1. Name, by its number, the condition in (1) modelled with pLDDT of 85 or more; (2) surrounded by fewer than 12 Cβ atoms within 10 Å (Cβ to Cβ); (3) among the hydrophobic types (A, V, I, L, M, F, W, C) that does not hold for VAL47.
2. Restricting to the stretch 101-144, and then to whatever is among the small types (Gly, Ala, Ser) and either on the phi > 0 side of the Ramachandran plot or in a helix (DSSP H, G or I) (or both), can you tell me which residue is modelled with the lowest pLDDT?
3. Scan GLU22, GLU62 and give me the residue that is charged (D, E, K, R) and either part of a strand (DSSP E or B) or modelled with pLDDT of 90 or more (or both).
4. Could you please give the count of residues in the stretch 77-93 that are in a helix (DSSP H, G or I) and either at pLDDT below 90 or under 25 Å from LYS56 (Cβ atoms) (or both)?
5. Yes or no: GLN98 out of contact with any strand residue (DSSP E or B) (no Cβ under 9 Å at 6 or more places or on another chain), modelled with pLDDT of 90 or more, closer than 21 Å to SER126 by Cβ and not aromatic (Phe, Trp, Tyr)?
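The values are calculated or read from the model by the stated rules, or taken from the named source; none is laboratory data. These numbers come from a predicted model, not from an experiment. As a convention, Cβ positions derive from the backbone with ideal geometry for all residues, glycine included, and neighbour counts pool all protein chains shown.
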Amino acid sequence: MSVYENIIVAIDGSKNAELALERAIQTAKLNKASLHIVSIIDTRSWVNIESHNAKKLEKDSELFASSLMESYNEAELAGIENINIIVESGSPRTIITQEISRRVNADLIICGASGTTPSERLFLGSVSENIVRTAECDVLVVRK
């Protein structure tokens, strides 16, 4: 069995993401690993929004992501010593594997099987699928 040192868990507010967080906490605790809780504000759909509305939407999204992160204090309560909260804007399909995983030297990414949008619930979520295909480290996809 591998020993993991840097674990990323991708969360988006979905039930599967909550389950992924629970599994990430267990795995981080077992391995005494650093846990990087990641939420990406998906800006791909903002292309057609007027600039003043886009700024408000971005601010609201950042507030949502921050409150979402704050609500996940379970890692600290479970005794995880090294917790890093990462909130960024952009495409979660690329930022998680191409930027954040390299930046934190991730050796495991944990994510839910599907996200919060209906189209992502059809099979394996498009973000999850992309993480599996492009990650340079192990990936654990958590299902209900």
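1. (1)
2. Of the stretch 101-144, the ones among the small types (Gly, Ala, Ser) are 101, 106, 112-115, 119, 125-126, 128, 135.
Of the ones still in play, those that are also either on the phi > 0 side of the Ramachandran plot or in a helix (DSSP H, G or I) (or both) are 101, 119, 126, 128.
Working: SER101: 97, SER119: 47, SER126: 82, SER128: 90.
Result: SER119.
3. Numbers: GLU62 fails: either part of a strand (DSSP E or B) or modelled with pLDDT of 90 or more (or both).
Result of the check over GLU22, GLU62: GLU22.
4. First, pick out the residues of the stretch 77-93 that are in a helix (DSSP H, G or I): 77, 92-93.
Restricting the remaining residues to those that are either at pLDDT below 90 or under 25 Å from LYS56 (Cβ atoms) (or both) gives 92-93.
Qualifying residue count for the region: 2.
5. Values: out of contact with any strand residue (DSSP E or B) (no Cβ under 9 Å at 6 or more places or on another chain): yes; modelled with pLDDT of 90 or more: yes; closer than 21 Å to SER126 by Cβ: yes; not aromatic (Phe, Trp, Tyr): yes.
Against the criterion (out of contact with any strand residue (DSSP E or B) (no Cβ under 9 Å at 6 or more places or on another chain), modelled with pLDDT of 90 or more, closer than 21 Å to SER126 by Cβ and not aromatic (Phe, Trp, Tyr)), GLN98 qualifies.
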